[in-house]
1. 7 Å from Cα along Cα→Cβ at both LYS795 and GLU240: what's the point-to-point distance in nm?
2. Put a dot 7 Å past each Cα toward the Cβ at PHE221 and LYS14; how far apart are the dots in nm?
3. Given the Cα-Cα distance of ASN720 and ASN835 and 0.36 nm per residue of separation, how much length would full extension add, in nm?
4. Highest mean first, what order results for 107-115, 305-313, 67-75 on Cβ atoms within 10 Å?
5. I'd like the distance separating the alpha-carbon centroids of segment 820-876 and segment 131-162, in whole Å.
6. Contour minus end-to-end for ASN498 and MET408, with contour as 0.36 nm per residue of separation and end-to-end as the Cα-Cα distance?
7. With every protein chain in place, what's the accessible area of CYS339 (1.4 Å probe, Å², nearest 10)?
8. Please compute the modelled spin-label separation between ASP891 and PHE22, points set 7 Å along Cα→Cβ, answer in nm with one decimal.
Amino acid sequence: MRLLSSDSIQELKKPVGLFCLFLIALATLSSVVVVFATIGLIGQPFAGFRIEPTLTVSAVNEDYWNGPKAGIKTYDRILSIDGQSVYSPKDFKQKIQDSKIGQVLEYEIESKETKAKSNLKIVVQTFTLMDFFRSFLILYIVGFLHILVGAVAYLARPSNPAARAHLFMTLAIGMTTNLAADYDTSMLFPRIWIATVALTGGACLHLGFYFPQKKKWLDRFPKLVLVPYAISFLLLGTWEYAYRGLGYLGYQQNGIIDLFQLHFDLYDMSLFWSLIVGFVGLIALIVHSLFKAENQIVKNQAKVALLGGVIAYLPMTIFWMIMDQILHIPLSPAIATICWILFIVFPVAIAYAIIKHKMFDIDFVLKQSMTYSALVVLLGTVYVLLAEGLQQMFRPLMTNNSEITSYMLTTAVTILLFEPLKLNIRNFIDQKFFRKKYDFRTALSEFVDAARTTIDKDELLPKLVETIEKTIHPKHVMIFLKNPETNSLKQAYSHGINLKMKDEIPMDDVTLMTAMGLMKKKSLTTRLTGALNLSAISQQGPVPSPIPFLLAKRITGELIDPAILESIKNSLTLPLTVKIPGKGSEPYRDDLIGLLTLGEKKSEMDYTIEDRQLFQSIGQQLALTLHSSQLAGEVAEKEAMKQTLLKARAIQRSMLPQKELDLQRFELTGWSESADETGGDYYDWYDLGNQRFIIGLGDVTGHGIDAAMIVSMAKSCLYNQVESNPDVPLVMAALNRTINEIAQYTERSNRKLMSFIYTLFDSESLTCRMASAGHWFPYLYRARTQEVTGFPEFKGAFPLGQRSPEKFKCQDYEVQLEAGDILLYYTDGLHEAPNQAGEEYGMERLEKMMHWYHQLDAHELRERLCEDWERHIQGKGMEDDMTLVVVKVKDLLRQE
């Protein structure tokens with residue numbers, strides 16, 4: 001699968017795309033440079049602690065380094081080394097480089113909190129490969145992964161605003177992470193690091209505005225997206241001004257000591273803005289989208305992102321904030337590494353949601369993740385508290401082995417608690433968070449409403465499965481329907497399981513009838529669903545139906561996978577029955593028209609009373625709907641006609657151009673929509689080679705199948721004629737002759753005519769020759785004069801088919817074009833379309849649209865016209881077919 005489609009490549013060539021590619025290259029290049037700079041430190045003299053450009057001790061230092069071992073603290077200020085004042089990072093690094101490994105240096109430091117000065121002696125050490133691995137490598141991995149994830153998501157969806165915002169966020173985080181190692185070591189890009197820190201908050205909120213769906217307030221206030229960046233740039237500009245790349249004494253020497261403190265104030269403000277406001281704001285906006293989602297896909301995308309957030313940040317919260325900071329249990333390097341790597345899960349989850357669009361059954365994954373996360377937290381807490389309590393209990397009794405004994409007992413207790421805790425936690429989460437609150441009225445109403453729209457089982461059965469999926473959540477659904485012609489059961493639909501029947505099951509099959517209880521006069525419902533005695537369900541749970549196992553024998557001639565067979569056996573089956581007139585003493589009897597089978601629940605929980613009741617009620621409603629569809633012959637006939645019309649529509653749509661021409665000097669695009677299943681509008685284009693191409697656009701009187709037939713004949717004629725000779729008068733004459741011949745064999749009252757406009761373009765001379773048969777000449781926007789004309793001076797002929805070939809006269813005209821000029825071809829469905837008030841769209845509005853959006857490319861202009869037209873007819877609907885074609889002369893100098 002290609003990452004970059006042709007549309008993606010075109011999107012990347014636009015200014016926004018090129019800017020994003022530049023940012024990706026900048027992030028990657030700067031990060032690579034920083035990595036190599038850090039590797040270059042290996043084997044060199046090292047002060048024993050990391051220091052920021054302000055000669056302030058970094059917050060990132062390893063406990064085993066000589067600096068922390070000597071007592072140096074985070075944010076201590078370095079004033080002098082061996083009595084020599086240091087004013088800038090250059091002075092500091094030069095002093096370290098001039099020192100020998102093992103040499104003792106005396107530092108004069110000033111505490112940030114107390115302002116007290118003191119002297120510390122620290123031995124110069126060697127920066128080793130292990131130092132690089134332990135202190136830098138994991139940060140680089142996390143940083144590069146952020147850059148990679150953002151780049152991949154953006155390249156897959158470059159036109160998606162959410163993908164672009166996601167790229168900005170991941171690049172900001174990736175560069176912040178990578179350049180953080182440079183900020184307190186090599187100091188190659190300190191100002192870029194300052195920029196990424198300040199911009200991260202704006203990028204996070206920008207992403208929240210567009211993911212998983214564009215927030216509605218942006219439609220009213222589109223400039224609102226700039227507010228977070230305005231705050232970021234305000235912090236950035238002030239911070240860049242305060243930063244001078246000097247130590248405390250350097251600021252003091254230059255008389256700007258106030259800027260030193262301002263630098264740290266802005267440092268804290270930027271971190272608060274990015275980490276607290278940015279990230280928390282992003283999470284809050286995603287949660288908002290979860291509850292305000294316009295559809296299930298948006299809701300699932302939000303759930304995926306929130307699941308990624310839980311996986312990314314919960315472990316660090318548990319192990320670092322709770323265990324390390326509160327309980328003071330040391331955090332092992334391995335756990336710390338895992339927690340750091342998990343940070344990448346959040347942007348990966350968002351990228352997956354952006355690229356994938358439609359989510360899998362995320363509720364099941366969320367529930368399992370929540371179950372095991374809660375289980376780990378609970379068992380971890382129990383383990384720590386129990387181990388500490390047992391150690392205190394056994395210490396007076398067992399001097400040497402109290403710790404081992406306590407850990408052994410704690411482990412045993414944890415193992416015993418694992419399964420019951422898991423079940424209880426899963427039940428609690430299922431009830432509190434994933435239990436669908438449905439009732440019969442709501443669920444049945446949804447299905448009944450869906451059933452009213454169609455009697456075709458191919459449309460009805462997926463809607464049934466959708467209703468069941470949203471409420472009961474089975475692993476699979478299988479539906480078998482009666483074939484009246486053969487009086488047998490036939491597999492009609494399956495979902496979630498890949499099984500196909502090799503033949504049908506006769507309704508008089510002895511095994512089938514026995515399983516259904518027909519041989520023993522037992523209720524169909526009770527026999528097939530196992531036990532629908534509602535008072536007994538809560539005690540015994542679901543009883544497997546014998547029907548799926550019996551049907552499995554007829555699925556294929558090959559052996560069935562044991563797992564699939566087990567899944568079939570652990571399912572419930574409901575007969576689809578209706579009451580029909582009986583014989584003899586029985587006024588009515590049950591008629592079996594199908595079987596509805598559900599697999600076990602995805603949550604692996606038992607089916608509840610409510611599930612079984614809903615299952616039976618939906619099955620009964622399905623049976624009634626299917627039976628009604630069999631009795632409604634005329635409705636079925638209408639449905640068949642509808643299907644025929646839909647096929648005709650598909651055929652007609654296939655006659656329109658399937659792809660646009662790749663032209664050096666012109667942009668070309670079109671759009672057409674029919675008022676009925678089949679319409680009478682038509683447009684086409686052909687590349688003749690030698691830098692020539694043609695465009696044709698027509699409108700048959702009326703719409704429907706007759707109009708569609710005229711369109712098909714016109715297309716065939718146009719193709720044959722332009723292949724032979726594309727000269728304008730010859731093409732128009734050939735089209736008129738074809739349409740006129742059809743009209744001769746049609747009653748005058750049903751006779752169809754066709755208006756048509758034909759244009760032959762020459763890319764080398766930038767000219768076109770056009771002729772019209774009863775159709776409007778195109779609008780021309782002149783880029784040089786910024787005027788719009790509809791060629792009122794041009795005269796058209798009668799519509800195609802109205803005059804005999806001998807009497808048909810058609811004048812063609814030549815138009816000289818220039819860079820930026822636009823030709824807009826259209827049918828009357830555009831300008832004559834009325835709104836609810838009866839007001840037509842109008843030529844004046846069309847001209848204004850060309851004036852307003854002439855700077856856009858052909859595709860964007862077409863989109864704006866279609867959007868404006870759709871807004872105009874909203875609530876009214878289409879009364880006529882609408883077609884338009886936009887041709888724009890490329891401005892090659894401007895593009896270069």
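1. The modelled label-to-label distance comes out at 6.7 nm.
2. Simple spin-label model gives 2.6 nm for this pair.
3. Numbers: separation 115, 0.36 × 115 = 41.40 nm, distance 4.02 nm.
Stretched fully, the ASN720-ASN835 segment lengthens by 37.4 nm.
4. Those peptides, ordered most packed to least, come out 305-313, 67-75, 107-115.
5. When both Cα centres are located, 44 Å separates them.
6. Values: separation 90, 0.36 × 90 = 32.40 nm, distance 4.75 nm.
Going from the current span to full extension adds 27.6 nm.
7. Counting only protein heavy atoms, CYS339 exposes about 0 Å² to solvent.
8. Each label point lies 7 Å from its Cα, and together they span 2.0 nm.
The values are calculated or read from the model by the stated rules, or taken from the named source; none is laboratory data. Bear in mind the structure is a predicted one, so any value in this text is a computation, not a measurement. Don't worry about glycine lacking a Cβ; one is built from the backbone with ideal geometry, like all the others, and counts go over all protein chains shown. In case anyone asks, the SASA skips ligands and DNA or RNA and just uses the protein heavy atoms, side chains included. Shrake-Rupley method; radii C 1.70, N 1.55, O 1.52, S 1.80 Å.
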